[in-house]
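The next block holds one structure in the form of structure tokens; read it before the comments.
FYI, it's all coordinate maths here, none of it is from the lab. Nothing here was measured: the structure is a model prediction, and the numbers come from that model. Note that we place each Cβ from the backbone using ideal geometry, even for glycine, and neighbour counts take in every protein chain shown.
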Amino acid sequence: MSAHVILAASVAWFKEKAPPLPPSPPPPSIDVLSVLVAMLLVLLIALIFRRGGSAAAPTTASSTALPTASKAVHNYPRGPLLISWGSQTGTAEQFGNDLAREARQRGYDARSVDLEELVPEELASQIAPVVFLMSTHGEGEPTDNAIPFYTWANDTIRDAQELASLRFAVFALGNTQYEHFCFMGKWAQRRLLELGATPVHELGLGNDDQDLQADFEAWREGLWPALSAAIKGGTEGAAEGSEAAVAFEASFRCRWLPGAVAAPTLPSSSFEWLCRAFPKQTLYECRVEANLELTNPELTNLKGGSVRHIELACNCTERGRAAGQLRYAAADDLGVCCDNGHALAERTARALGLSLNASFEMLATARGAGMAPPLPSPCTLEHALRYYADVRAPAPKPLLKLLAAHTVDAAHARRLEHLASAAGKEEYTQWIVVEGRGLLELLEENPSCRPPLGAVLELVPKLSPRYYTISSSPIPSKGARVAMTVKVLREPRQGAETRLKEGVCSTQLGALALGQRVVVFVRASAFRLPRDPATPVLMVGPGTGIAPFRAFVQELSEARRTGETRLYFGCRHAAVDFLYADELRAAECAGILTKLRTAFSRDGPTKVYVQQRLREDGALVYGLLEQGAHVYLCGGTGMGREVVSVLAEILGTHGKLTHAQASEYLKRMTSQGRLVQELWS
Ligand SMILES: Cc1cc2nc3c(=O)[nH]c(=O)nc-3n(C[C@H](O)[C@H](O)[C@H](O)COP(=O)(O)OP(=O)(O)OC[C@H]3O[C@@H](n4cnc5c(N)ncnc54)[C@H](O)[C@@H]3O)c2cc1C
Ligand SMILES: NC(=O)c1ccc[n+]([C@@H]2O[C@H](COP(=O)([O-])OP(=O)(O)OC[C@H]3O[C@@H](n4cnc5c(N)ncnc54)[C@H](OP(=O)(O)O)[C@@H]3O)[C@@H](O)[C@H]2O)c1
Ligand SMILES: Cc1cc2nc3c(=O)[nH]c(=O)nc-3n(C[C@H](O)[C@H](O)[C@H](O)COP(=O)(O)O)c2cc1C
């Protein structure tokens, strides 16, 4: 059955009242129990002998627990609740799963569902209130998995009262660094209202530039009473209270597998495991062909971070095939699957009191009945701790509560409980978020903590793929290689300068040796050169924002243009971080670039940025815009915002447009695909 069909079935199921769950099975008789205990002992002894007497299996009592009869069969007096998320990098998905977990504990039969798998036609007959968690990507655009819903809801054939019976709430995830803050959440709220649906709670806006988690928590505190009031006759059951007052109850537990039994069903490689973990992506396992430092190695450490030029072989292993071929277009995005690495996974296993080569399957508890496990199961602990658990990401509060509940040391337990409580809000922000403490560090700081693995995997942040703009064209290598330009994030933490921030994926990529493999997928980007060779092209990409333009330069060298091709590049020092300086200068000499404009921000007495160069070239830039130039921006959000504002200024100064006319002009360019931005913060 396809995921779509499964979901269609589950959504349809919500249209009926939740069926009564079967009664608890009677407790096993003493004889059955003895047999079970004896079997368990035999199994454990066999396992210890098999591994030469070493504690290869988990060493904690809680995590070795084999299946036990569920303590209680839960019912859900508040009825069904559907939570659906539009998410690109996993935050809304994680919020959705957390919300569903809390909702179930509050007495809702809640499901957390990928927006792509929601059948919009069924919303009209949906009896469950639906909570939409909507992230915005691109420039005020839907996430990939929100596109079907967006397209459906925006279709002009929709009737004004089409969703008259739907009750909903929307939380928008966004970042004020972007021009169209929380666009998708605001759109969903407006569009659902236009289609006649009834809001049960006010629109929530979460700002990733500040404290997104806190925004979400504040909104969710108001959601429960609002939902409760909206559900007539369903107010008995779990009492309302703050999130902190709701005790965590695991939806999954792990059953440890003896290696020989597990072997046939376990993924045979990490690549196969990742293919199971990311079923929607066509994954490729590619060999590293080059990993070069792009900054001046003698000065890099003194003046800034390392930037790596990484090339991968396109001739690779492809999902489902031994010999595959990664195909891409210049300046597409490459999604990279993160790997914590063996050493970090080993440390985490040790801190959990487990053995890295143990394997397990995840079983739903009564609370999680009907839910899919959060990661492919069965699974080795190494796969879970290398490719699934982000053990360094700030620990969410439910995880802190879990750790507190499994800590023997009373002082440590109290501290963790406090951090997870409403009273500990400020300390949580400082100690966990700003100072960046994740699962691994908290476990190592607190050796008396032995949480059960199933619950840990349910609550730990998930490693999500990171995107890198492809900095090559397939043409020069005849499709043999694909390149990335990666800034290795390694710097003092903002707000906690004595602690180091090391990026998960960029560090992994920076350290790759030739011949090692990395798992990636391709995502089409909006960067495409105009078809007409006479159309002028303006490229603005300081720092790693140069990536798509290196790819464009390679394309341009194959198919010459008659129109102007100008590149604006900025970095700190000409002698340190002028990425691809030789290639770019050579392209200018050869006329591939009609002009290479540079802005070295820290070489002179005052900072010079690319937007200053654009301003200096204002008259020429205006002329090119009027000739129908395509403008491409790539790099930091701050730079993007300021460059757009300078373009508006140029339209005012040289085109005599008012502020409103200039912004209308730029909007038109965007909608015509003539102003394309790929920005990240
Ligand atoms: C479409 C797209 C294209 C991209 N293209 C490129 C590219 O071509 N090249 C490139 O290098 N990157 C690119 N990025 C960024 C890249 O995807 C990753 O975000 C980046 O490499 C960091 O990932 P990481 O896993 O190393 O860091 P993570 O472990 O994910 O850490 C990053 C997080 O740390 C925060 N952070 C950063 N610095 C600090 C600090 N000093 N203190 C505290 N927190 C901090 C950031 O705000 C961010 O939330 C792109 C992003 C997108 C969305
Ligand atoms: N998600 C991540 O963790 C991640 C990873 C990589 C990059 N980034 C972000 O991506 C952006 C580019 O990073 P990078 O390391 O490639 O470049 P970078 O080396 O930080 O910056 C390149 C050049 O851009 C300048 N610059 C800074 N602010 C600017 C602005 N508002 N307008 C125009 N130019 C500006 C810099 O000047 P000064 O430094 O002298 O001010 C420098 O000269 C940054 O915003 C960075 O934070 C984020
Ligand atoms: C490439 C990119 C583009 C983004 N564009 C916007 C935007 O236009 N408006 C906005 O409010 N937030 C924007 N954001 C911020 C995200 O919406 C925010 O970080 C959110 O928490 C991501 O959620 P997700 O992990 O569920 O995808 C953007 C983020 C990225 C990485």
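Only residues of segment 145-186 count here: report those whose backbone N is under 17 Å from the spot 7 Å along Cα→Cβ of residue 671, or say none. So the set is 154-156, 180. By the count of neighbouring beta-carbon atoms within 10 Å, fewest first, 178, 76 end up ordered 76, 178.
Put in order of Cβ neighbour count within 10 Å, fewest first, the listed residues 470, 310 become 310, 470. Legend: distances between Cα atoms for 186/656; 186/487; 487/667; 397/462; pairs beyond 25 Å are 186/656; 186/487; 487/667. Among 362, 134, sorting on how many other beta-carbon atoms sit within 10 Å of each Cβ, with the fewest leading, yields 362, 134. Derived scalar couplings between HN and Hα for segment 318-328 equal 10, 3, x, 9, 6, 10, x, 9, 6, 10, 8 Hz in order, rounded to whole Hz, by the Karplus curve 6.51 cos²θ - 1.76 cosθ + 1.60 (θ = phi - 60°), x for Gly and Pro. Residue-wise HN-Hα couplings along segment 482-487, as the Karplus relation 6.51 cos²θ - 1.76 cosθ + 1.60 with θ = phi - 60° gives them from phi, are 10, 10, 10, 10, 10, 7 Hz; Gly and Pro carry x.
With N counted as the residues of segment 630-681, its alpha-carbon radius of gyration over 2.2 N^0.38 Å works out to 1.11.
Projecting the Cα atoms of 110, 135, 153 onto the charge dipole of segment 108-164 (Cβ charges, centred on the Cα centre) puts 110 farthest toward the positive pole. Here the dipole of segment 403-461 is about 140 debye; that uses its Cα centre as origin and unit charges on the Cβ of Lys and Arg (positive) and Asp and Glu (negative).
Basic side chains Lys and Arg get +1 at the Cβ, acidic Asp and Glu get -1 at the Cβ, and with that the dipole of segment 537-680 about its Cα centre reaches some 220 debye. In units of the rule-of-thumb radius 2.2 N^0.38 Å, segment 519-616 shows an alpha carbon radius of gyration of 1.13. The equivalent ellipsoid that matches the C-alpha gyration tensor of segment 537-680 spans semi-axes of 23, 18, 13 angstrom, in descending order.
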